[in-house]
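Just so you know, all these numbers are worked out from the coordinates, no wet-lab data involved. Note that the structure is a prediction, hence the values are computed from the model and not measured. No Cβ is skipped: glycine too gets one built from the backbone with ideal geometry, and neighbour counts run over all protein chains shown.
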């Protein structure tokens, strides 16, 4: 579905299971950052009412996910730790085009968001299929569905607002780039790590 170049090795879940507190803390901040990114899209493109409406709903949903993950931390006797640096997202951010037309910038911001949602969804799928914790198995399955919807939404809006930009070619560049960088990840108990 996502055309990701490199699937997550299911053995990554073995790393995750050794430190549930860390994965949940990292996950909480991923949800917070996703909400912030959605709000950033709205702030930069307020004239696109259909985009604003849809992306505001995503931002609200991401904040709900943040709360859900925080609740999981508390249920397990943990507290939300300090924010972690997300090297994966930072590398994707560096790949995003910052110059050019407003259309090109919007498309790349949407593709950036779609890529993060795609990989997160794929990681949630791996967790839902391989983690031994039954509660987290169900939790990540439900979130996987939500992330897939966000991925579809962001990619759909990139195509809708293309205005002559070759979105498919640029998406292929994103897929190729992500395939290169993800090979260095999957070794930590973080969503993208």
Cα centroid separation - the range 129-193 against the range 1-48, whole Å
8 Å
Label the range 1-97 by shape, choosing from rounded, prolate and oblate, from the square roots a ≥ b ≥ c of the eigenvalues of the Cα gyration tensor; if a/c is under 1.5 it is rounded, and otherwise prolate applies when a/b is larger than b/c, oblate when it is not.
oblate
Cβ-based exposure ranking for 65, 130, in which fewest neighbours within 10 Å come first:
130, 65
Return the equivalent ellipsoid semi-axes of the chain as a descending list in whole Å, where each equals the square root of 5 times an eigenvalue of the C-alpha gyration tensor.
28, 19, 14
Extension gain residue 49-residue 177, at 0.36 nm per residue separation less the Cα-Cα distance, in nm?
43.0 nm
With 21 Å as the cut-off, how large is the P(r) tail for the range 69-173, expressed as percent of Cα-Cα pairs?
48 percent
Just subtract the alpha-carbon distance of residue 93 and residue 18 from 0.36 nm times their residue separation and send over the number in nm, one decimal.
24.1 nm
Compute the helix-to-body angle for 20-44: its Cα long axis versus the longest principal axis of the chain, expressed 0 to 90° and rounded to tens.
20 degrees
Helix 134-160 versus the longest principal axis of the chain: what is the Cα-based angle in degrees, 0 to 90, to the nearest 10?
10 degrees
The chain: calculated mean residue ellipticity at 222 nm from DSSP helix runs of at least 4, using -39500 (n - 2.57):
-25000 deg cm²/dmol
For the chain the mean separation of alpha carbon contacts under 8 Å (6+ apart) over residue count, i.e. relative contact order in percent, is 34 percent
FRET efficiency for residue 84 and residue 39, using Cβ-Cβ distance with R0 set to 25 Å, rounded to 0.05
0.75
Taking 68, 144 and counting other beta carbon atoms within 10 angstrom, the fewest-first order is 68, 144
